[in-house]
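Student: Next up is a structure, given as structure tokens.
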Amino acid sequence: MTYIVGMVSQKGGVGKSTLARMMAREFVAGGLSTKIADLDTQQQTCTNWAGRRAENGVTPEIQVQSFPSVKSAVEEAERFDALILDGKPNASDQTIEIAKASDLVVIPTGQTVDDLHPGVVLAHSLRKKGIAAEKIAFAMFKTTGSERENAAARDYVSQAGYMILDGEVSVSTAYGSASDQGKAITETSFRTLNERASKLAQSVIDRMAELHERQVA
Ligand SMILES: Nc1ncnc2c1ncn2[C@@H]1O[C@H](COP(=O)(O)OP(=O)(O)OP(=O)(O)O)[C@@H](O)[C@H]1O
Ligand SMILES: [Mg+2]
């Protein structure tokens with residue numbers, strides 16, 4: 001059994017690749033053999049990051065491979081405990097393919113309506129194409145707001161009928177620098193930042209386990 005997690009968004013630059021790398025790092029740290037399928041063949045963000053990680057000798061090693069299609073990525077899945085699909089910047093036909101192939105689809109979003117609205121529109125369009133709402137989870141990412149604003153964002157997503165993961169990752173230059181060095185956002189030099197990111201990662205893991213239990217029951 002392989003867990004497949006897909007990172008998708010309507011807007012570009014919301015944090016899909018950052019989230020993909022964090023999840024891969026946490027899965028590997030938890031003893032799961034993991035691969036990131038980098039489906040953004042133009043930017044190859046995760047592939048380039050894995051290169052920096054290897055050059056800087058950061059451990060554990062994270063396997064990343066660039067794939068031209070979701071189909072070819074999924075063919076690799078059974079060799080791993082977890083496969084993470086990192087999609088192209090904007091929603092496209094690839095987005096629905098990722099959603100269909102995934103056990104859990106994560107949509108990163110900021111806390112403003114400008115960010116939340118396109119995320120919810122994407123989630124609705126995935127549902128119309130047959131993706132179950134329970135498979136979709138929003139992750140609060142690159143937040144800049146107060147506790148109150150984050151709570152309002154959580155309400156917005158819940159009222160739209162979707163799950164919003166616990167924990168949130170705020171904007172921080174330290175997260176950017178970690179990424180520059182080939183590190184995940186749970187590997188910065190600051191314990192509090194790592195703990196915040198870990199909380200979100202744990203929430204993804206818990207949600208996957210919950211969905212798996214429902215499937216088995
Ligand atoms: N918490 C954060 N604080 C500051 N910068 C961040 C944070 N998370 C991600 N970034 C930076 O934001 C930019 C976009 O992030 P990322 O590449 O993960 O988004 P993406 O959704 O994969 O983008 P694309 O749509 O282009 O594939 C990157 O430069 C990344 O380093
Ligand atoms: Mg990306």
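Student: Given a 1.4 Å probe, how much area per residue of the chain is accessible, in Å²?
Tutor: Roughly 46 Å² per residue, with all protein chains present.
Student: DSSP beta bridges in the stretch 3-216, what fraction antiparallel, as a percent rounded to 5?
Tutor: 0 percent
Student: Order 68-74, 23-29 from most to least packed using the mean count of other Cβ atoms within 10 Å.
Tutor: 23-29, 68-74
Student: I want to verify the translational diffusion coefficient of the chain in µm²/s; compute it with Stokes-Einstein, Rh as the Kirkwood radius over Cα pairs, at 10 °C and 1.306 mPa s.
Tutor: 93 µm²/s
Student: Could you compute Rg(Cα) / (2.2 N^0.38 Å) for the stretch 52-147, with N its residue count? Present the calculation step by step, with values, prior to reporting the outcome.
Tutor: On the way: Rg = 15.6 Å, N = 96, 2.2 N^0.38 = 12.5 Å.
Cα Rg divided by the expected 2.2 N^0.38 Å: 1.25.
Student: Let me ask you something else. Hey, any idea what % of the stretch 120-217's accessible area is carbon plus sulfur with a 1.4 Å probe?
Tutor: With neighbouring chains kept in place, the figure for the stretch 120-217 is 50 percent.
Student: Also: Among residues other than Gly12 whose Cβ falls under 12 Å from its Cβ, what is the net charge (Lys/Arg +1, Asp/Glu -1)?
Tutor: Result for the local shell: +1.
Student: Now for a separate question. May I ask you to list, by number, the DSSP H helices of the chain whose Cα span along the axis is at least 27 Å and whose average Kyte-Doolittle hydropathy reaches -1.0 or more?
Tutor: Helices meeting the criterion: 191-216.
Student: Using alpha carbons only, how many angstrom separate the centre of the stretch 174-217 from the centre of the stretch 85-102?
Tutor: With the stretch 174-217 and the stretch 85-102 each reduced to a Cα centre, they are spaced 21 Å.
The values are calculated or read from the model by the stated rules, or taken from the named source; none is laboratory data. Owing to the predicted nature of the structure, the values given are computational and were not obtained by experimental measurement. As a convention, Cβ positions derive from the backbone with ideal geometry for all residues, glycine included, and neighbour counts pool all protein chains shown. For accessibility, only protein heavy atoms count, side chains too; no ligands or nucleic acids. Shrake-Rupley method; radii C 1.70, N 1.55, O 1.52, S 1.80 Å.
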